[in-house]
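Heads up: the structure comes next, in structure tokens.
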Amino acid sequence: MSDKEYKDCVVLNSDILYRYSIMMVRNHPLAQDIVQESFLSLWINRNNVDFAKSKGYLIRTAYYIVVSWRRKNDVKTKYKQTITEYKTENSYNGVEDAVNYYLQLLPDFYKDVLILKDMQGYSYEEIAQMTDSSLEKIKVTVYRARKRMKELIGKKENII
Amino acid sequence: MEKVKITKENYEAFLLDMAEGNLSKANEELLNVFLLENPELMPLNDEYDPNICIKNFPNDVFPNKNRLLFATRRKNIIIRYISAAAILLLIVGISLFINYNSHFTKTNPINYTAKSQNNIQTSQENKLNAEDKEIIMANNFIETPIKEIITTQEEIIFDTLKLVRVNNEIDSAEEIYITQNQSIEIRIDGGNSFENENIIPTNKILTYETNH
């Protein structure tokens, strides 16, 4: 990847990666740090990454950073507080609030897979490769996550 | 999904494929057999809905994208360092040059007094002919005295300067050196020797005047 392609990559993917990071961690300053670290990693390894695969590289890097961050921090104890802060900070309407709120109540892996599938549009195979999981596990996770979301929300009309 | 054994751990993956219409006939038959054998795992009719998915995402824009352009920032820093180093080298070079020239002047305490035409002694045998002089002047011949050989602590011989002006005539010098008493002695080809403090080095020809 040339320097110019890297700049194009920043223009094309920085906002996408930022939104993805926000969905994952629900914290704007932290999401900005994740984006910056991901792009720094891409910049360092730009000679080994094709421009066509740069978005996948960034998403995968951000995912690993988030997983690492979760391990280092006691996320669960701060979970509700973070969600409350986010809701206060962003004036989402009722429907979006419901989706985002219930999504945060899912287990981390369920949430990660759903975000990768629905938000980024990755195939099950790509998600399996990205998360170092088997294809079966990803499919089972998606099935259980949607089932759990439906249980939490109750009616699908609330979110569609 | 390929035809594999369905278990309690992976049967939901088959249910997902079936809900999304991606399950092969063979695997569908296997799944039905499995569910008949395990009726407690039989999904409810509305248990799974593929329409339940995340559709609303944040519209946030990453602030200050320039901080992600590490290339430009780093190049600017490198250019600044190189520029600073070049300026420093230039200053050091100029300082060394000036220092060298001033040192050379100090080692040759020559009296730059005006020459007296009446005191110039000539040596007709060693005069350059008129044509040679014209060629020399036409080519803007410049030969600055350079100390090359230090024979003793007292004598510095100028070996490269070969031209002197004696009595307004240009001659070639055999040897020029500074004696112990800081005067300059010039030996002309013919064997004549002149020693005087009133030697004026010019940028072209060393001019010599004598008190004799």
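The values are calculated or read from the model by the stated rules, or taken from the named source; none is laboratory data. The shown structure was predicted, so the numbers you read here are calculated from the model rather than taken from an experiment. Positions of Cβ are generated from backbone atoms using ideal geometry, with glycine treated the same way; all protein chains shown enter the neighbour counts.
So, in segment A:37-58, of the ones that are surrounded by fewer than 18 Cβ atoms within 10 Å (Cβ to Cβ) and at the interface with chain B (Cβ under 10 Å from one of its Cβ atoms), which residue ends up nearest to B:N59 (Cα to Cα)? Show your work before the answer.
In the first step, residues of segment A:37-58 are kept if they are surrounded by fewer than 18 Cβ atoms within 10 Å (Cβ to Cβ); the result is A:37, A:40, A:44-45, A:47-48, A:50-53, A:55-56.
Those still in the list that are at the interface with chain B (Cβ under 10 Å from one of its Cβ atoms) too: A:40, A:44.
Values: A:L40: 23, A:I44: 28 Å.
Ranking the candidates gives A:L40 first.
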Margin query: So B:D60 passes all but one of these: (1) modelled with pLDDT under 85; (2) more than 14 Å from chain A (Cβ to nearest Cβ). Which condition number does it fail?
Written below: (2)
Item checked: Members of segment B:1-29 that are farther than 19 Å from A:V142 by Cβ and within 14 Å of chain A (Cβ to nearest Cβ) -> B:K3, B:K5
Notebook entry, point to check: So which pairs qualify, if the first residue must be in segment A:1-14 and at the interface with another protein chain (Cβ under 9 Å from one of its Cβ atoms) and free of Cβ contacts under 8 Å to residues at least 60 places away in the same chain, the second must be aromatic (F, W, Y) and surrounded by 14 or more Cβ atoms within 10 Å (Cβ to Cβ), the Cβ gap must be under 6 Å, and the two must be at least 6 apart or on different chains?
Noted result: A:S14/B:F62
Check: Can you name the residue in segment A:129-146 that is surrounded by 19 or more Cβ atoms within 10 Å (Cβ to Cβ) and within 22 Å of A:Y57 (Cβ to Cβ) and, of all such residues, is farthest from the other protein chains (Cβ to nearest Cβ)?
Finding: A:M130
Next item on the list: Restrict the check to segment A:137-145 and report whether at least one residue is at pLDDT below 85, under 18 Å from the mean Cα position of the chain (by Cα), at negative phi and assigned to a helix (DSSP H, G or I).
Entry: no
